[in-house]
Amino acid sequence: EMAKGTVDPIREQARASRDNLDLMRTLVPAANEVSNLIDQVSTAARRAHLDVGTLEPEPVIEGELFDTYRYRLRLTGAYNDIAEMLTNIGSLNRIVTSLNVQLASPQGAGPTPAGKQMLASTFEIQTYVVRTAPRAKPGAKPGAAPAAAASAPPGPTPPGAPANARPKPPGGVQ
């Protein structure tokens, strides 16, 4: 298109790509925004007339392109309210899925609203965060320098040289 002298189609394609990238960053953010996610889940619960009893983080599952974050939730409510909350969570502006939903009669439940059978619900939610740094190698200590940097010679590295390159001594002989 540029050879033809028209850049408008290229600009339109760039704008569409930028819009798609913005959407992807919303669906799968580049940072684990825990406080924002907790607010969104709490709001999803309030919209269904529920309160989240507990929200516990599970271990992060590291992936090549993104990490998977899971949280276990416990709450008590009527079946329809729990179903509405799960729908609200599935409608958030980022990818969040509900997993391993378990329903049971609550133990030691107090008075229930007229006409509603209360249920204790335990389930997990799962969301994704784009990896912005390479995964640590198995067996590497947290905070340890990468292997290339660990084997680098002491002293400054010449500008433009790889981090593990040895500076040449005066006279150029090693």
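Of all residues in the stretch 63-74, those satisfying the criterion of being of a type in the set (A, V, I, L, M, F, W, C) and over 14 Å from Ile38 (Cα atoms) are Leu65, Phe66.
The residues on offer are Thr26, Thr54, and the sole one that is out of contact with any Asp or Glu (no Cβ under 7 Å at 6 or more places or on another chain) and at pLDDT 75 or above is Thr54. Filtered by the rule that a residue be over 11 Å from Val41 (Cα atoms) and without any contact (Cβ under 8 Å) to a residue 24 or more places away in the chain, the stretch 88-102 gives Val101, Gln102.
The residue that is least open to solvent (accessible area, probe 1.4 Å), counting only those in the stretch 99-125 that are of a type in the set (S, T, N, Q) and at pLDDT 90 or above, is Ser121.
Look at (1) at pLDDT below 80; (2) closer than 16 Å to Arg131 by Cα; (3) open to solvent by 60 Å² or more (accessible area, probe 1.4 Å); (4) among the hydrophobic types (A, V, I, L, M, F, W, C) and you find that Val60 fails only one, number (1).
For the stretch 52-75, the condition holds for at least one residue, the condition being that it is assigned to a loop (DSSP other than H, G, I, E, B) and over 18 Å from Thr127 (Cα atoms). Against the numbered list (1) over 13 Å from Ile125 (Cβ atoms); (2) open to solvent by less than 70 Å² (accessible area, probe 1.4 Å); (3) modelled with pLDDT under 85, Ala78 comes up short only at (3).
The values are calculated or read from the model by the stated rules, or taken from the named source; none is laboratory data. It should be emphasised that the depicted structure is a prediction, and the values quoted were computed from it without experimental measurement. All Cβ positions, even for glycine, are placed from backbone atoms using ideal geometry, and neighbour counts span all protein chains on display. In case anyone asks, the SASA skips ligands and DNA or RNA and just uses the protein heavy atoms, side chains included. Shrake-Rupley method; radii C 1.70, N 1.55, O 1.52, S 1.80 Å.
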